[in-house]
Amino acid sequence: MNVTKKVGRPKNFDRDDALAKAIGVFWIHGYEGASMKLLTASMGINSPSIYAEFGDKHALYLEAINSYASNDACTPLVALETVTDIAQAVRAFFESVIDYSTHHASGAKGCFLVSCVATSAGHVEGTAELLRDAIASTDRRIRARLDQDIEKGTLPQNFPSADRAKLMFDLRQGMVFRARAGFPDAELARDIEKYVSAVLAEPDS
């Protein structure tokens with residue numbers, strides 16, 4: 001008698017770990033270059049299990065973006081939000097950007113949102129919306145951290161927190177772009193003090 005085996009999760013399946021490995025594949029190879037063969041080899045599960053758990057490659061890609069935006073991409077923000085002194089917090093933000101851009105577990109350099117998602121936003125359905133949401137969320141969190149110091153009086157009342165939040169994001173993206181191109185950590189770090197000064201510069205009265 002023929003017995004059809006039921007396809008399911010491997011016994012040691014870790015969904016978050018599988019998503020992290022999928023991010024690495026998409027990050028290095030891009031959406032189009034990330035074949036199911038590469039994804040299954042990296043994630044350690046077969047393609048029927050991927051379809052059962054995540055849906056098709058497109059659905060997996062969108063979930064990978066959400067996972068990255070909620071976890072990896074927040075590392076510099078956590079550094080910013082957990083250091084009390086604002087100058088040290090901004091410095092920690094940029095230091096964390098260098099670290100996660102050059103030492104990611106996947107071996108990829110730069111930022112997944114910049115290196116992969118931004119390039120697919122124009123032709124992979126749903127990615128542009130997720131990218132805009134990730135940028136807006138980052139802007140809000142940086143602005144909220146700066147606003148805390150306005151309320152404490154360590155930044156002036158007329159400090160342009162919304163504009164400086166966008167500046168921090170844009171400087172961050174420049175750093176990850178350089179990291180993607182292979183610029184060494186030490187060279188990237190040399191610009192940190194300049195960035196801190198630019199972000200916290202007194203506004204014109």
Check: Using a simple spin-label model with points 7 Å from Cα along the Cα→Cβ vector, what separation in nm is obtained for Ala198 and Glu151?
Finding: 2.9
Check: Mind listing the phi-derived Karplus ³J(HN,Hα) values for segment 192-198, rounded to whole Hz, using 6.51, -1.76 and 1.60 with θ = phi - 60°, and x for any glycine or proline?
Finding: 4, 4, 5, 5, 4, 4, 5
Item checked: Residue-span extension gain [Asp185 to Asp163] - 0.36 nm each, minus C-alpha spacing -> 5.2 nm
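Mind ordering 32-39, 142-149, 160-167, 183-190 by average Cβ neighbours within 10 Å, highest first?
Sorting 32-39, 142-149, 160-167, 183-190 by mean packing, highest first, produces 142-149, 160-167, 32-39, 183-190.
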Next item on the list: List the relative contact order of the chain as a percent without decimals, with contacts defined as Cα pairs under 8 Å and 6+ residues apart.
Entry: 21
Note to self: For the pair Asp56/Asp16, report the inter-label distance in nm, with labels modelled 7 Å from Cα in the Cβ direction.
What the structure shows: 3.0
Checklist line | HN-Hα J in Hz across segment 89-103 - Karplus 6.51, -1.76, 1.60, θ = phi - 60°, x for Gly and Pro | finding: 5, 5, 4, 4, 4, 6, 4, 5, 4, 5, 4, 6, 7, 10, 10
Check: About the Cα centre of segment 71-205, what is the dipole size in debye to 20, counting +1 per Lys and Arg Cβ and -1 per Asp and Glu Cβ, all else neutral?
Finding: 200
Margin query: Using Cα springs under 10 Å in a Gaussian network model of the chain, which residue among Lys21, Lys194, Lys57 shows the largest mean-square fluctuation?
Written below: Lys194
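None of the figures in this text is laboratory data; all of them are computed from the coordinates on show. Predicted model only: the values in this text are computed from it and were never measured. Don't worry about glycine lacking a Cβ; one is built from the backbone with ideal geometry, like all the others, and counts go over all protein chains shown.
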